[in-house]
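Below: one structure, written as structure tokens.
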Amino acid sequence: MSVLPVTTNQFPVRVFGGPTALFEYGGLRFLTDPTFDEPGDYGRPGRPVLTKTAPSAIATADLGRIDVVLLSHDEHADNLDISGRSLLADVPLTLTTPSGSERLQVKAKGLADWESIELHRPDGGTITVTGVPAIHGPGSREQVEPIAGQVVGFVLTGQGLPTVYVSGDNASLDAVREIADRFAPVDTALLFAGAPRFPVLFDNQPIVLDSAQAAEATKILDARRVVPVHYDSWAHFTEGHEDIDAAFTAVGLAGRLDWGQRN
């Protein structure tokens, strides 16, 4: 891995708890996995109960304009909740999985692996959003998807713009290596990194990156900046801020962490 200087002019990322973050890129405002419901128990029959432990840091009414939602998947309440679904109705475009785009009753486009869409920038030019592999659990896609569902990550690129990676609920470093082969070095990586576990799933192994894996993903991607998300506000996350900080510090990457703006 090459040694990269600390970047001082990165665009701000606002983090609101769980997987939900907001950033402006190329003049468009992007929101990841919208979750704004109050604390409580959520879930569907036959699925593990998901317990939300903290409210969002912002109300949907205070978000301002949202141009695009980057939705890693629509099937789990800790990635898309009731309030988030309501918000989608007012968003011009939601990018998500191919199967999710068929389920959502909004303007949505599914992106298969390596499939891209061009978005027009307000000042001219385009942003390319590419769907990239994500596996929501340990093992191959064939083993995991029948249990945890289909997930997609995103890479954003554009002329004169930094390369941005949004991991979605990914637990596979092999998927990260595939992405790095095409896009590294990455300027900003929003890594979902709370090591969520369920005793009834995959022998209690993490179904999203744990802290050490997030640090390893940073090396693989040669990422200049990492904004951790999806590590708080839910009971099934088993590693949080201190664990992530310790893992990055242990491998000399603490200077790459950016905890985002919480407002």
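The values are calculated or read from the model by the stated rules, or taken from the named source; none is laboratory data. No experiment lies behind these values; they were computed from the predicted model shown. Note that we place each Cβ from the backbone using ideal geometry, even for glycine, and neighbour counts take in every protein chain shown.
Within region 166-213, can you find the residues that are among the hydroxyl-bearing types (S, T, Y), over 11 Å from the mean Cα position of the chain (by Cα) and in a loop (DSSP other than H, G, I, E, B)?
S172
Which one of D243, D169, D203 is surrounded by 24 or more Cβ atoms within 10 Å (Cβ to Cβ) and charged (D, E, K, R)?
D169
All but one of (1) at pLDDT 95 or above; (2) over 26 Å from Y25 (Cβ atoms); (3) not small (G, A, S) hold for V152; which doesn't?
Condition (2) is where V152 drops out.
Looking at I127, I147, I117, can you tell me which residue is assigned to a strand (DSSP E or B) and surrounded by fewer than 17 Cβ atoms within 10 Å (Cβ to Cβ)?
Criteria check complete, one pass: I117.
With the checklist (1) among the polar types (S, T, N, Q); (2) modelled with pLDDT under 90; (3) more than 19 Å from G260 (Cβ to Cβ); (4) under 17 Å from the mean Cα position of the chain (by Cα) in hand, flag the one item Q105 doesn't pass.
(4)
Got at least one residue in region 25-48 being without any contact (Cβ under 8 Å) to a residue 12 or more places away in the chain, outside any loop (DSSP other than H, G, I, E, B) and either over 25 Å from L257 (Cβ atoms) or under 20 Å from the mean Cα position of the chain (by Cα) (or both)?
Within region 25-48, one or more residues are without any contact (Cβ under 8 Å) to a residue 12 or more places away in the chain, outside any loop (DSSP other than H, G, I, E, B) and either over 25 Å from L257 (Cβ atoms) or under 20 Å from the mean Cα position of the chain (by Cα) (or both).
Of the residues I117, I147, which is under 28 Å from T53 (Cβ atoms), in contact (Cβ under 8 Å) with a residue 12 or more places away in the chain and aliphatic (A, V, I, L, M)?
Answer to the check: I147.
Regarding R29, is this residue modelled with pLDDT of 95 or more, among the basic types (K, R) and either out of contact with any helix residue (DSSP H, G or I) (no Cβ under 9 Å at 6 or more places or on another chain) or over 28 Å from G160 (Cβ atoms) (or both)?
Judged against the criteria, R29 is a match.
Please name all residue pairs, on different chains or six or more residues apart, with Cβ atoms under 7 Å, provided the first residue is in region 64-86 and is among the hydroxyl-bearing types (S, T, Y) and the second residue is surrounded by 23 or more Cβ atoms within 10 Å (Cβ to Cβ) and in a strand (DSSP E or B).
Here the result reads S72/A134; S72/V151; S72/V152; S72/G153, each pair linking region 64-86 to a residue that is surrounded by 23 or more Cβ atoms within 10 Å (Cβ to Cβ) and in a strand (DSSP E or B).
Just for region 214-263: of the residues that are over 18 Å from G18 (Cβ atoms) and without any contact (Cβ under 8 Å) to a residue 12 or more places away in the chain, which one is nearest to the chain's Cα centre (by Cα)?
Within region 214-263, the match that is nearest to the chain's Cα centre (by Cα) is A254.
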